[in-house]
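Presented below is the structure to which this report refers.
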Amino acid sequence: MRRSLLCLGFAATAVATSQSSSASCTYQIDNEWSSGFVASIIIKNDTNSAVNGWSVNWQYSANRITGAWNTNLSGTNPYTATNVGWNGNLAAGQSISFGFQGNKNGSTTERPTINGTLCSSATSSVSSAPRSSSSSQISSSSVRSSSSLSSVISSVASSLLSSSSVAVSSSVRSSSSVASSVAANVCPSKIENAYQMYAAKIPATIQAEDFDPAGYSDSGTTNEGGAYRTDTGVDIKTITSGNAVGWMTAGEWLEYTVFVETEGDYDVTIRSGAVGTGRTFKISQCDTTLINSFQVPNVSTWGEFKTLSAGKVRLKPGYQKIRVTMGTTDYADLDWIHIGPYSGTIDEENPPTDAIRSEGCGKSRTLQNGRINLSVNGVNRSYILRVPENYNNANAYKFVVGYHWLNGNANQVASGGNGGSTDKPFYGLWDLAQNSTIFVAPEGIDSGWANSNGRDIAFTDALVSQVQSNLCIDKSRIFATGFSYGAAMSNAVACARANVFRAVALYAGAQLSGCDGGTSPIPFFAAHGISDSVLNISQGRSVRDRYVRNNACTAQNPLEPSRGSGTHICTSYQGCTSGYPVRWCAFDGDHYPTQKDAGQSESWIPREAWQFFNQF
């Protein structure tokens, strides 16, 4: 197994507790079947000082223990358990747990009284209430490997998977000789669905090969790599660091049961690779798309991987089912997915091989960072240019046009802060772009974007032409974004220049700058506050619905958060024309471009917008 740390988490059915005024010891049934059981003992230091070392003992009438982990177990009944080296010290208020498997020996599952240095000899009490979700899984940080752990898990998994209540891939696999597909388990999920009944507790790294036993669809019937799990149709190969899922083809998918303790936004980092471009992964949770299209990095040889950020996803608490679906182009390898903060190295992305290079590629640079002036139909206009410090005229850069709000200005967008509506440069996108993108902030007339007689569309045409003639940009990856009046101008661009701009991102937008054309499809992202006191959210919905129609998406009424919740809900529309997604985020808040959820120090909107742009 690639994991060095394993834990067992099961839905508990009963608890027996022995307590004193200074400490508590809890005997907990984690799972049981006809002939055996898995249980754990939780020791909590309720004193006001640290405890160094512990010992507990108990005795059964008929039950007997066959293996244990995270403790030194002695005796054949009664049993004595003492700490191992790493879990002997308990700070005040701290808890530890250890587990064991046993046989019932024709009896029922017993719940004995626990005695020991931190436990009184009081009579145990028994509860038939199930464990709450907050305690339904033991943290991997409090679990260590033991010599008997692998055999214990294998025995437990074998016993449980033989039960009629658990789906086994070999028993429900398609009889087709050309494909295998295992029916998905309940959604969201439950611990019984997880591989070896281990649901990674987020934040965690999820190994690709540890998919749910009944959670996959594969185009073949055998494991072509022959590694790790030979009883499945999923192709698993051996790599330098262990195992990975390989030879993934269009439409194949894998599902993973995870445990989310707290609802929130989580970073996603993916380690994958493919020889060639155009491979993508879609990440979803049940029927909700979390990441529409993650670009698998191009590598020089199979078995090589790159680690890339995939953006943020919002997960609800409890056991959740995460699905990874291969896109329309065959063949990619998947090593792992990390959900949560990632402290490792993020690799550089490959420049797109399908870039449409502008006339400025290969030319000596003539436009410098700062304010650029130009005349458009006899009117003096200007914009602020910001090019990465490591600019290379051989690389085709993405290009983002960021429009300011009413009574704002280009400098506030380009620099962030300065009393403006955005805290960071270019609505937070500059930092996320990591030197992959050239940005401009145009200056509006009268601090706005009335676009009278199409003057601001003409200005946009002129600045795009000037930049691509003098700098190396990818003409197939030009984007527009803006807040309030700037969002309205981005909408005007989407209406009139869908053949030039690849996608738009609107923050609190409405149709204020006109919509010349407005019938062509274009990828569309928008975020809007449900309590917007300047541009009512109904105006934002109206703009959104235009692109739902243009992009041939399935119409729906997306969920929106309740007032006072301090949260947001993002919805990816389904059924859209390939390459033309629509994503709508509603948040509990007013008129603001970088709204933060309650209690959060960072806005979720920049990552959502950048993730949307970066899929192209």
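Scanning the range 61-77 for residues that are part of a loop (DSSP other than H, G, I, E, B) and crowded, with 17+ Cβ neighbours inside 10 Å yields a total of 3. Scanning the range 518-563 for residues that are more than 27 Å from the chain's Cα centre (by Cα) and more than 18 Å from residue 487 (Cβ to Cβ), we see that the one that is most open to solvent (accessible area, probe 1.4 Å) is 549. Screening 552, 609, 508, 586 for residues that are of a type in the set (A, V, I, L, M) and without any contact (Cβ under 8 Å) to a residue 40 or more places away in the chain leaves exactly one candidate, 552. Only a single item in (1) charged (D, E, K, R); (2) surrounded by fewer than 20 Cβ atoms within 10 Å (Cβ to Cβ); (3) more than 35 Å from the chain's Cα centre (by Cα) is not met by residue 456, and it is number (2). Could you list, in sequence order, all residues of the range 244-267 that are touching a Lys or Arg at 6+ places or on another chain (Cβ under 9 Å) and open to solvent by 20 Å² or more (accessible area, probe 1.4 Å)? Listed by number, the residues that qualify are 247, 253, 261, 263, 265, 266, 267.
Could you grab me the full set of residues in the range 411-453 that are among the hydroxyl-bearing types (Ser, Thr, Tyr), under 34 Å from the mean Cα position of the chain (by Cα) and open to solvent by 10 Å² or more (accessible area, probe 1.4 Å)?
Listed by number, the residues that qualify are 415, 421, 436.
Answer with yes or no whether residue 102 is more than 39 Å from the chain's Cα centre (by Cα) and at pLDDT 80 or above. So residue 102 does not fit the description; no.
Residues in the range 231-239: is at least one assigned to a loop (DSSP other than H, G, I, E, B), touching a Pro at 6+ places or on another chain (Cβ under 7 Å), surrounded by fewer than 23 Cβ atoms within 10 Å (Cβ to Cβ) and among the β-branched types (Val, Ile, Thr)?
no
One residue stands out among those in the range 198-217 that are in contact with a Gly (Cβ under 7 Å, 6 or more places away or on another chain) and aliphatic (A, V, I, L, M): the one that is surrounded by the most Cβ atoms within 10 Å (Cβ to Cβ), which is 199.
Of the residues making up the range 81-90, those that are open to solvent by 50 Å² or more (accessible area, probe 1.4 Å) and touching a residue at least 24 places away in the same chain (Cβ under 8 Å) are 86, 89.
Here's the yes/no breakdown for (1) more than 39 Å from the chain's Cα centre (by Cα); (2) open to solvent by less than 50 Å² (accessible area, probe 1.4 Å); (3) at pLDDT 85 or above:
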site: 19; (1), (2), (3): yes, no, no
site: 25; (1), (2), (3): no, yes, yes
site: 35; (1), (2), (3): yes, no, no
site: 59; (1), (2), (3): yes, no, yes
site: 79; (1), (2), (3): yes, yes, yes
site: 96; (1), (2), (3): no, yes, no
site: 106; (1), (2), (3): yes, no, yes
site: 109; (1), (2), (3): yes, yes, yes
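Scanning the range 336-387 for residues that are under 30 Å from residue 285 (Cα atoms) and charged (D, E, K, R), we see that the one that is surrounded by the fewest Cβ atoms within 10 Å (Cβ to Cβ) is 348. The residue that is nearest to residue 260 (Cα to Cα), counting only those in the range 289-341 that are of a type in the set (Asp, Glu) and in a strand (DSSP E or B), is 335.
The values are calculated or read from the model by the stated rules, or taken from the named source; none is laboratory data. Model, not experiment: these values are computed from the prediction. Note that we place each Cβ from the backbone using ideal geometry, even for glycine, and neighbour counts take in every protein chain shown. These area figures cover heavy atoms from the full protein model, side chains too; ligands, DNA and RNA do not enter into them. Shrake-Rupley method; radii C 1.70, N 1.55, O 1.52, S 1.80 Å.
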